[in-house]
Amino acid sequence: MNRLWSHTLKGLSPYTPGEQAQSSHIVKLNTNEHALQPSSLAIAAAQQIAPEQLRRYPDPTSAHLTRAIAAANTVSEDQVLVANGSDEVLAFAWAAFLSDRGTIPAIPSLTYTFYPVWAQLFGHGIHFVPMRPDFKIDIEAMTAWDGPLVFPNPNAPSGIGISLESIESMLSAKPDRLVVVDEAYYGFGAASASELISRYDNLLITRSFSKSHALAGLRVGYALGHVDLIEGLRRVKDSFNSYPLDAIAQVTATAAILDTEWFKQASDTVQKNREDLTQNLTELGFSVLPSLANFVLASHPHHSGLAITEYLRTQDILVRSWPNEMLLPWVRITVGTIEQQSKLFSALANYLSS
Ligand SMILES: Cc1ncc(COP(=O)(O)O)c(C=O)c1O
C-alpha cells in the first residue's frame, strides 16, 4: 500500500486469473479454453495481415467485425459493441450502468468472481443473492431485487443454465432495471437470450470469442442490446480506450465468426466430450452438476477439490478449485480432447485407489 494510492485502490481486491502454464506437455483443464484449435480460416486471416495494417491505427469501430457479429445474431450494427474480451465489455457496462449510488446490482452468491471487483472499482456495492441448495440461481429472489441484475447463463463455476422464461420474468418484472446476461459460455447448449433483445430494451448480453471460438489468446468480446445501451457502452469505451481491438484481433475474429461450419462442429465436439467427461467422472464416484458450459463442476465424497487439484498437478494435469467454504468439495474441470480426458481419468483412478 502506498500513501499516493486512492481510497478506491486501497480497498480493491483484484481478480485472480487461473494459472496460465505455458509448457505444452501440461494437460491444461483449468481455465475453460476451448478443447479444439481455432478455425483454420481465422488462423489464415491472422497470418495474412498486411504490414500496412500494423503501421496504421486499427479501425476504432471494428466495423467489419461489428457487421459480421450483427449478421450472425440478426441485429443491426448499432446493437453491437466489441471490445478487448468480454471482461472489458463487462467493465464498460459496470462503469456505464451499474455504478450509481442507490441502485446496487445483484449477482448470485456463487458466480464469476470478477463482478465484485468491478463493483469495488466502479460501483457503490453489490448484493449477493444466495444460491438454492442445488446450486441453481434463485430466480424468484433475483426477480424480486429492485436494482439491476448481472449473472452468467450458464452460470460459472456450476455450469448450470437457466431458461429463457426465467430471464424474461426478470426483464418484464421491472422494465426500468438493467439485466446483464453474461453469455461467456455461449455455444455449448444453453439458450441464448438474444431473441429477447427486440422486445426488452433493458437487456444487455455479453459474449466472448475466448470460449465459443477457441480464441482466448486474441481477447475479443462483444455486447448485444438496445441501441441506447450500446451507445452508453460506446461513450465509456471512447472515454477509456478508443482502439480496444487491434488490427489482428479484428480480422481474425471476423474470419472466425464467418466460419459457421467450424463453430457447429466444434460446439458438437465439446458437448460430446462433456458427456464423456461427466460419465467417466460419475463412474469414478464423483457427483457432477449438469453443465451447459465447456466445463463441469464435480465433487467426490472422500476427497476435497483442493486435494484432487494438488494431486493432479503432480501428474501435470491442471484443474481448478477454491479455498472458499461453499466450494471446498468441488473441482472444476474444463472439457478437453478425448485424449486429455483419458489421461485425467487414469490419473484420478490411480489417486482414488491409492
Ligand atoms: C462468466 C464469465 N464471464 C466472462 C468471462 C471473461 O471472458 P473473456 O475471455 O471474454 O474476457 C469469463 C472468463 O472466464 C467467465 O467465466
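Bear in mind that the values in this text are calculations on the coordinates, not laboratory data. Keep in mind that what you see is a predicted model, and the values were worked out from it rather than measured. When we count neighbours, we look across all protein chains shown, and the Cβ atoms used for this are built from the backbone with ideal geometry, even at glycine.
Per DSSP helix of 4 or more residues, -39500 (n - 2.57); summed, then divided by the residues of the chain. What does that give at 222 nm, rounded to the nearest 500?
After summing the helix terms and dividing by residue count, I get -11500 deg cm²/dmol.
May I ask you to sort Val89, Val288 by Cβ crowding, counting other Cβ atoms within 10 Å and putting the fewest first?
Working: Val89 29, Val288 18.
In increasing order of surrounding Cβ atoms, one gets Val288, Val89.
Just order 52-58, 35-41, 93-99 by mean Cβ neighbour count inside 10 Å, highest at the front, would you?
My ranking of the peptides, most packed first, is 93-99, 35-41, 52-58.
Would you please state the base-10 log of I(q)/I(0) at q = 0.08, 0.13 1/Å for the chain, with intensities from the Debye formula using one equal scatterer on every alpha carbon?
Reported log10 I(q)/I(0), two decimals: -0.40, -1.07.
Two decimals is fine: what is log10 I(q)/I(0) at q = 0.11, 0.12, 0.15 Å⁻¹ for the range 49-149, from a Debye sum with one equal scatterer on every Cα and no solvent?
Listed by q, the Debye log ratios stand at -0.50, -0.58, -0.79.
Just to be sure I understand: of the beta bridges DSSP finds with both ends in the range 40-258, what percent are antiparallel, rounded to 5? Numbers along the way, then the final one.
On the way: 9 of 22 bridges.
Antiparallel: roughly 40 percent of the beta bridges in the range 40-258.
Label-point separation (nm) for Glu261 and Ser99, each offset 7 Å from Cα along Cα-to-Cβ?
Taking the two extended label points, one gets 4.5 nm.
Using a basic spin-label model with each label point 7 Å from the Cα along Cα→Cβ, how many nm lie between Leu284 and His302?
That separation, rounded to one decimal, is 1.4 nm.
Highest mean first, how do 266-274, 206-214 rank when packing is the count of other Cβ atoms within 10 Å averaged over residues?
206-214, 266-274
R0 = 22 Å: FRET efficiency of Ser23 with Tyr57, Cβ-based, nearest 0.05? Walk me through the numbers on the way to the answer.
Details: r = 35 Å, r/R0 = 1.61.
E between Ser23 and Tyr57, to the nearest 0.05, is 0.05.
Pairs of Cα atoms under 8 Å, at least six residues apart: use those to get the relative contact order of the range 3-136, whole percent. Could the numbers behind the result be given before it?
Numbers: 82 pairs, mean separation 30.9, N = 134.
Relative CO of the range 3-136 lands at 23 percent.
Take the Cα atoms of the range 150-302, build their convex hull, and give its volume per residue in Å³.
Details: hull volume 21.5 nm³, N = 153.
It is 140 Å³ per residue.
Need the full-extension length gain, Leu121 to Ser353, defined as separation in residues times 0.36 nm minus the C-alpha distance. One decimal, nm. Kindly include the intermediate steps, with their values, before the conclusion.
On the way: separation 232, 0.36 × 232 = 83.52 nm, distance 4.67 nm.
This chain segment gains 78.9 nm when fully extended.
What is the fewest-to-most order of Asp182, Asp246, Asp238 by other Cβ atoms lying within 10 Å of their Cβ?
Asp238, Asp246, Asp182
Given a Förster distance of 45 angstrom, what is the FRET efficiency for Arg3 paired with Ser346, based on the Cβ-Cβ distance and rounded to 0.05?
0.25
Most mobile of Thr252, Thr260, Thr337 per a Gaussian network model of the chain (Cα springs, under 10 Å)?
Thr260
Using Cα pairs under 8 angstrom and six or more residues apart, how large is the relative contact order of the range 40-258, in percent? Each step should come with its number before you reach the end.
Working: 395 pairs, mean separation 64.5, N = 219.
Result for the range 40-258 is 29 percent.
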